[in-house]
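What follows is a single structure, written as structure tokens, with notes after it.
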Amino acid sequence: MFQRLRALNINLNRGRNKIVFIYTLKDSIFANDIQKDIENKNRDENQVAMKRAKFFDYILPLMPINSFQNSKEYFKREINKYPSLRNSDIDDPFLYRLGIYIYDPREIVNLISELDIYTCKLNAISQKKLLAMIIYKNLFPQDFEGISIKKSNIAYFIEHKDDIGNITLKNAKIGTIFKYITKNNERLNFIKNSNKQLYQAISYINNREILRFLVLNNLIDLTFYDYISPTPYKLGVEDTRFVQNVINQRSPLHNIQVNNPKEIINALMSAEADFQYAYSDKILTTLVNLKNDSYKEIHSILRMVKQNEDYKFVIEWIKSSMQKNNSFQFTTNITLLKNIWDSFFDDLNKELKIGLNKDSKKIGDFLIEILLFEFRYATHPRVFNWYRKNNIFLKQPIQKIIAQQIKSKKYRKSFIELVQMSKYTIKLESISDLAGTDRELYNVLKQNKWYKNYTDSYLLSRNKKI
């Protein structure tokens, strides 16, 4: 290139007017093309100096005045130019640490100029985090652009942070999680073999000093979508994939956990998508809680759940309302389930008969917990009446599972309290089917008339009163 420019300069100067070409260059520009040859000992080390002298008539050296020691002042000077940034949370320690990585004045001017524009466009909570995202965008444009097409290492690491495998870090900050995994070689090797994309994302961040600095200091974290654009990035990578699958009518294989159900619902409503493919208990719960009429969408999901005979989905969905002690949502969920899948308990009993042994305890817990929850918080006995209508306490193997659970330390006291205080009863064929040899429980059931008639197989077999 310089040979051609020099030839051009010589040709131009053959005319009347003399033209001088002035170049501002870094010394290293001549080192790039011959560095490998020097390393391989194919050229002398003075080749760089010789090349410089070859192309230029006169070289004027410029003393470098920029370094990490004074870059903080460049940052502050640029920030003070913009009214929108004068009251930001960007402090001196942050700028000093940032200056260790970025000290080119032109780069600083560009970054702060973008920061001003983004600050005016976004309702950013933290200019410090916003500047971190702008740095990421400028220094790693390819990875930044990959966010929208699900090929970003940063986005993948943040979306899959729970795959690190340490339950104590589930609610930890991104920086804490990253520090843990980069110092835990055993866990890192496990991820390398089990999730190559996650390992690649961790390595990508760890091998880029400024990116590592931003992640470790929680400047790029779970909120990073809020600092990219005011509208397009409300959905994360996994949520976007979920929306695409619903629109493409891909049959779900299991209950999908989503991060932003409200925005997903807005996207699916706008696309007039078929909600039977929106297979997520969080989506269903959010639809139930929305004030607008979502009856059609709710029924679409529940019909798919019934078609799949997905008892686990139902259990997770109903339990979500119980965990929040939300009696209204609980009662609404039970009513919706009964309207769509009235034979739920009968079908569950049939499924247990053909071998859901590994889930029997979980199902038993669920059957008791919804009854106890209704007794404590709800005003209408919908579960109780549904149990009575379906003769839940009279059918095997459900009866056996319930009997085991109500005699456990976890539920025994609460169940006895329910029987004593509830004005509703369930007529058992035999009290001993539930009570077994538990005399106190037997007496409570008997005193509160939880039986069909006065004859009882347990009493007759022993010919005595308890």
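Quick notes on this structure:
- Furthest towards positive pole of dipole, 256, 136, 82, structure part the chain, Cβ charges: 256
- Applying 0.36 nm per residue to the separation of residue 100 and residue 186 and subtracting their alpha-carbon distance, the gain on full extension is 27.8 nm.
- Long-range tail of P(r) for the chain (Cα pairs > 42 Å, %): 45
- All aspartates and glutamates inside 20 Å of residue 423 as judged from Cα atoms, apart from same-chain residues fewer than 8 positions distant: 369, 374, 440
- Potential lengthening between residue 249 and residue 222 on full extension [0.36 nm per residue; Cα-Cα distance subtracted]: 6.8 nm
- Residue order by solvent-accessible surface for 304, 1 is 1, 304, largest first, with ligands and nucleic acids left out and a 1.4 Å probe.
- Taken about its Cα centre, region 295-382 carries a charge dipole of about 100 debye when Lys and Arg each add +1 at the Cβ and Asp and Glu each add -1 at the Cβ.
- The dipole here belongs to the chain: it is taken about the Cα centre, uses +1 on the Cβ of Lys and Arg and -1 on the Cβ of Asp and Glu, and is about 940 debye.
- Relative contact order for region 381-451, counting Cα pairs under 8 Å that sit 6 or more residues apart, in percent: 30
- Mean separation of Cα contacts under 8 Å (6+ apart) over length of region 202-283, as relative contact order %: 27
- Degrees between helix 196-206 axis and first principal axis of the chain (Cα, 0 to 90, nearest 10): 50
- Folded to 0 to 90 degrees: helix 261-270 orientation relative to the chain principal axis, Cα: 80
- Here residue 123 and residue 73 are evaluated by their C-beta separation; at R0 = 41 Å the FRET efficiency comes out at 0.90.
- Total formal charge among the other residues, if their Cβ is under 15 angstrom from that of residue 145, Lys/Arg +1 and Asp/Glu -1: +2
- Length gained when the stretch residue 303-residue 13 is fully extended (0.36 nm per residue, less Cα-Cα span): 96.0 nm
- When each of 324/350; 76/150; 296/338; 76/129 is checked by Cα-Cα distance, pairs over 27 Å: 324/350; 76/150
- Three-way shape call for region 128-186 based on the alpha-carbon gyration tensor, with the a/c threshold at 1.5: prolate
- Loop-located trypsin sites (Lys or Arg not before Pro) in region 251-317 (DSSP state not H, G, I, E or B) with no more than 14 neighbouring Cβ atoms inside 10 Å: 291.
- Note on the chain: dipole from Cβ charges, positive end direction compared against 279, 307, 435; the farthest Cα belongs to 435.
- Charged neighbours of residue 340, selected by a Cβ distance under 11 Å, balance to +2 (K, R count +1; D, E count -1).
- When each of the peptides 130-138, 408-416 is scored by the mean number of other C-beta atoms lying within 10 Å of its residues, the order from highest to lowest reads 130-138, 408-416.
- To the nearest ten degrees, helix 295-308 and the longest principal axis of the Cα atoms of the chain are 80 degrees apart.
- Summing Lys and Arg as +1 and Asp and Glu as -1 over all other residues whose Cβ lies under 14 Å from the Cβ of residue 109 gives a net charge of -2.
- Between region 131-194 and region 253-277, the C-alpha centres lie 25 angstrom from each other.
The values are calculated or read from the model by the stated rules, or taken from the named source; none is laboratory data. Everything numeric in this text was worked out from a predicted model, so none of it was measured. Don't worry about glycine lacking a Cβ; one is built from the backbone with ideal geometry, like all the others, and counts go over all protein chains shown. Ligands, DNA and RNA are excluded from the accessible area calculation, which covers all protein heavy atoms including side chains. Shrake-Rupley method; radii C 1.70, N 1.55, O 1.52, S 1.80 Å.
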